[in-house]
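What follows is a short report on a single structure.
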């Protein structure tokens, strides 16, 4: 156990935890926009899977990781728009329709992979970007400032999301629609447009998150996300629909996951316990969710369809 507390191992755990948090952070922030406007999208994991395949295949053919991210985001945008049509225009029950989107993404990503690729082929992954001066700081440099550009972009999205939600007219409209769509409509805010925009943003970020995951791993396989999309939805509740809270939840999950992986690598966790240990990140997140979520109220109109004049 003493080897766990060496400087090298601790740096590796923190750095790995930050990297593992990125797909969850991106997907959670996107889902947060939709939920703040009153739409719950349980199809996040399916969107991440199709975004992951789209990003993987684009990099496989082009060798350009940024092109892969753009393709993944585009796939997510298309599925987010489709989810908005189903939930907002058709007013389907959001839980059931979301599961349908998830199953579509799960099956279609595997089908496309089998038909277009067949067997897993490694692709180019991200290169680390060492931030000048900061990367040379002892201990902290290795933990925080020697990551890929996608990691920096993901965490930059937190203050951007805070600003959008709290300092812009669009953010005010999102919050108004999520709390009282009838009142927002009476003031001239288009509930339909706001919800379309937020669900599409959520889909775009989920697709981007899936592509980032596949490219970071350098491979694609069936059910690559391993239910990360559902964890992302839970983290929105954990974070009380606030960007900083969502980031805290993603980091918690990432750090616990990184710790478990390091314990396995060091042989501290016996192989016979590996399956149980793999459940630790999800269990810790759920327990934290139960404690935290009770202290905050969800958007009043969450999962409630809106019909003008009803």
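The values are calculated or read from the model by the stated rules, or taken from the named source; none is laboratory data. Given the structure is predicted, the values throughout are model-derived calculations rather than measurements. Cβ: placed from backbone, ideal geometry, glycine included. Neighbour counts: every protein chain shown.
Based on this model, can you work out whether residue 224 counts as touching a helix residue (DSSP H, G or I) at 6+ places or on another chain (Cβ under 7 Å), in contact (Cβ under 8 Å) with a residue 24 or more places away in the chain and either surrounded by fewer than 19 Cβ atoms within 10 Å (Cβ to Cβ) or in a helix (DSSP H, G or I) (or both)?
Working: touching a helix residue (DSSP H, G or I) at 6+ places or on another chain (Cβ under 7 Å): yes; in contact (Cβ under 8 Å) with a residue 24 or more places away in the chain: yes; either surrounded by fewer than 19 Cβ atoms within 10 Å (Cβ to Cβ) or in a helix (DSSP H, G or I) (or both): no.
Here the answer is no, as residue 224 does not meet what is asked.
Taking the listed residues 214, 232, 157, 209, the one that is in a helix (DSSP H, G or I), touching a helix residue (DSSP H, G or I) at 6+ places or on another chain (Cβ under 6 Å), in contact (Cβ under 8 Å) with a residue 12 or more places away in the chain and surrounded by fewer than 23 Cβ atoms within 10 Å (Cβ to Cβ) is 157, with no other qualifying. Return a yes/no flag: does segment 243-252 have any residue that is surrounded by fewer than 18 Cβ atoms within 10 Å (Cβ to Cβ) and in a loop (DSSP other than H, G, I, E, B). No: segment 243-252 contains no residue that is surrounded by fewer than 18 Cβ atoms within 10 Å (Cβ to Cβ) and in a loop (DSSP other than H, G, I, E, B).
Residue-by-condition table, conditions (1) at pLDDT 95 or above; (2) under 14 Å from residue 24 (Cβ atoms); (3) in contact with a strand residue (DSSP E or B) (Cβ under 6 Å, 6 or more places away or on another chain):
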residue	(1), (2), (3)
195	yes, no, no
209	yes, yes, no
212	yes, yes, no
216	yes, yes, no
223	no, no, no
228	no, yes, no
234	no, yes, no
240	no, no, no
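Does segment 131-139 include one or more residues that are surrounded by 14 or more Cβ atoms within 10 Å (Cβ to Cβ) and within 30 Å of residue 6 (Cα to Cα)? So far as segment 131-139 goes, yes, one or more of its residues are surrounded by 14 or more Cβ atoms within 10 Å (Cβ to Cβ) and within 30 Å of residue 6 (Cα to Cα). Answer yes or no as to whether residue 43 is crowded, with 24+ Cβ neighbours inside 10 Å, under 14 Å from the mean Cα position of the chain (by Cα) and under 27 Å from residue 298 (Cβ atoms). Judged against the criteria, residue 43 is a match.
Would you confirm, using the coordinates I've provided, whether residue 164 is touching a helix residue (DSSP H, G or I) at 6+ places or on another chain (Cβ under 8 Å), under 23 Å from residue 243 (Cα atoms) and surrounded by fewer than 19 Cβ atoms within 10 Å (Cβ to Cβ)? The answer is yes for residue 164.
Within segment 8-23, can one find any residue that is in contact (Cβ under 8 Å) with a residue 60 or more places away in the chain, part of a loop (DSSP other than H, G, I, E, B) and crowded, with 24+ Cβ neighbours inside 10 Å? No, segment 8-23 contains no residue that is in contact (Cβ under 8 Å) with a residue 60 or more places away in the chain, part of a loop (DSSP other than H, G, I, E, B) and crowded, with 24+ Cβ neighbours inside 10 Å. Scanning segment 8-39 for residues that are within 14 Å of the chain's Cα centre (by Cα) and more than 20 Å from residue 164 (Cβ to Cβ) yields a total of 5.
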